[in-house]
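A quick write-up on the structure given underneath.
FYI, it's all coordinate maths here, none of it is from the lab. This one's a predicted model, so the numbers in the text were calculated from it and none came from an experiment. Cβ sites come from the backbone with ideal geometry, for glycine too, and all protein chains shown count toward neighbours.
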Amino acid sequence: MDSDEEMHDCYSDEDVGFGSDDKDLVDDDDDYVYGDEESDDSDDRPSHRQQNYTVLSEVDIEKSQEEDVARLSNVLSISRVDSCVLLCHYNWNVSKVHDEWFADEGNVRKSVGLLEQPVIILDARELTCRICFENYPRHEMSSVACGHQFCHGCWRGYIGTSVNDGPGCLTLRCPDPSCNAAVGPDMISNFVSDEDKEKYSRYFLRSYIESKRKTKWCPAPGCEFAVKLDMSNSNYDVCCRCTCSFCWNCMEDAHRPVVCETVAKWTLKNSAESENMNWILANSKACPKCKRPIEKNHGCMHMTCSAPCRFEFCWLCLGAWSNHGERTGGFYACNRYEAAKQEGLLDEDEKRRERAKNSLERYTHYYERWATNQLSRKKALAELQNIKIGKLEKLSIKLCLPETELKFLVEAWEQIVECRRVLKWTYAYGYYLPDTEDAKRQLFEYLQGEAESGLERLHACAEKELQSYFDAENPSGDSQEFVAFRTKLVDLTRITRNYFENLVHAFETGLKEVNSADNDQQAASSSESENHSSSGGRSKVATISSVSISMTVTEADYEDWRCSHCTFVNPKTTDTCGACENHI
């Protein structure tokens, strides 16, 4: 940008967008329409306002599960228990059960273990258990449809062990090794403890969700909600009712604007040993004699390897120290090394060490900022919970205002939490941005800097300025000062939200504005070259300038006014700047 005012233009309005030539996102136009609320592509762009998923509670899941069981039972004219066994076997695919049942009912019954007619046991006073081989009265023996009789004690042991072994109990078969008859939920509920019955119910419920292609459990520890995604949208970031935000596709933390593959690479890099090796390469050298890695821990270049080697050498050139002295630079320099460095005669190990050092420094730069925003997000999330739990009620009493009129505070902190998450992942995005694409890197760094600046402004307002009302003895909710604070915070929340939405969209489309600007600039340069071939033509303007200009919004696009002191955009209804309180 050519001035601070132009730099702020692309940040300040609710409907500022980033240009795109993506036909799937923009209708009939290669250029994004700025400041137009009725733009054709407004409904095609993912937004926090367009929720493309549904959070399901256990009650919702049980209701849907029971409907599938009842529907299958009615269609096939079978018992509820047999319907449960069939659905568990076919992973709750109702249509597949219908197709295979009506194609060959006998084969389905055989594979699942459902007998068409149960085996009738002759009435006898005593029966022999097929597991413990003890005789028991008839009423102490039970069997499934196959008629194989087992005592209640053996049934309890068999079923209890199966339940404790895991979800395999959902497809349990008769204890007789030669029998394939299914053991249904009725038998299991009759012979297990309350604890094991609860486990079985959990397995039964979770199997329903885990078999659905569009539904997954929330990965947060202890969370009992599931999320059903609308596959028509490419946005996989969802937020559960437990406040856990995650990517529905890869089940990692929500990570827009980076793709799942980048997250996988970044996570692996953070946890792998590769950076340890980079550190060793960058900060240690192998002893010229025994080849053990040595870290330099003092200022002098005179190194002595540990026992039993005890070889003395120069840290810089790795030559024997006996060949060094005042004529080679003394203890803190090495003329031989400096000369070799200037002449480009460094050996391959030294060059590799330099590359490792540069790589490590670059990774450290991005990782530190990624981790800092991660920590800031956790703190903001904790503050959001404090506001919801107690601070909002406390402030409501102090200001004599209903809590509904203070919801803008919750919205502001929710926006801060979300923006910290987005900003965190922009550093992973920047790390894997190719070094050869200079124009994209310049645009990325500019947009990221603007995002950081705007977020810090919102964060400071929500944190420091809000605290003054908690500290005041008798604050008034009707005072002009509080009304101005509310207006300022609401405006900052709106502006920051829209800027970050546009930022995410720009990164997700691969900063295509740069490619578009490059093509335009090449065409312009070619035309200019033809018109001024005799004088050599004019030099190409930097691509970043073209892109920045294409993102600039003029005053004519707004009904609001811009403060001449701080460039903050204010609503037309006020004559006082909401950011710096400057009067016009």
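Model label points for D60 and S453, set 7 angstrom from Cα along the Cα-to-Cβ axis, are 4.2 nm apart. Distance from the Cα centre of segment 179-252 to that of segment 409-430, in angstrom? So the two Cα centres are separated by 29 Å. Pairs from the list K199/K269; K214/K512; K265/K388; K388/K464; K216/K388 with a Cα-Cα gap above 26 Å: K199/K269; K214/K512; K265/K388; K216/K388.
Taking a straight line from the alpha carbon of K351, these lysines sit under 19 Å away, with near neighbours fewer than eight places off in the same chain left out: K285, K291, K296, K341. In loop segments of segment 388-473 as defined by DSSP, the GluC sites (Glu not before Pro) with at most 13 further C-beta atoms inside 10 Å of their C-beta are E473.
Residue separation of E473 and N190 scaled by 0.36 nm, minus their Cα-Cα distance, works out to 95.4 nm of gained length. Dividing the mean sequence gap of close Cα pairs (under 8 Å, 6+ apart) by how many residues segment 59-214 holds gives a relative contact order of 23 percent. Segment L401..A103, full-extension length gain: 100.5 nm, with 0.36 nm per residue of separation and the alpha-carbon distance subtracted. The slack in the chain from T436 to N270, taken as 0.36 nm per residue of separation less the alpha-carbon distance, amounts to 57.4 nm.
Spin-label model, K291/R310: points 7 Å from Cα along the beta carbon direction are separated by 2.4 nm. Add +1 for every Lys or Arg and -1 for every Asp or Glu among the other residues with Cβ under 12 Å from the Cβ of S376, and state the total. For residues surrounding S376, the net value is +3. Inter-label distance, K110 to N233: 4.9 nm, where each label sits 7 Å from its Cα along the C-beta direction. Pairwise Cα separations in segment 59-214 fall into 10 Å bins from 0 onward with the following percentages, short to long: 10, 37, 35, 15, 3, 0.
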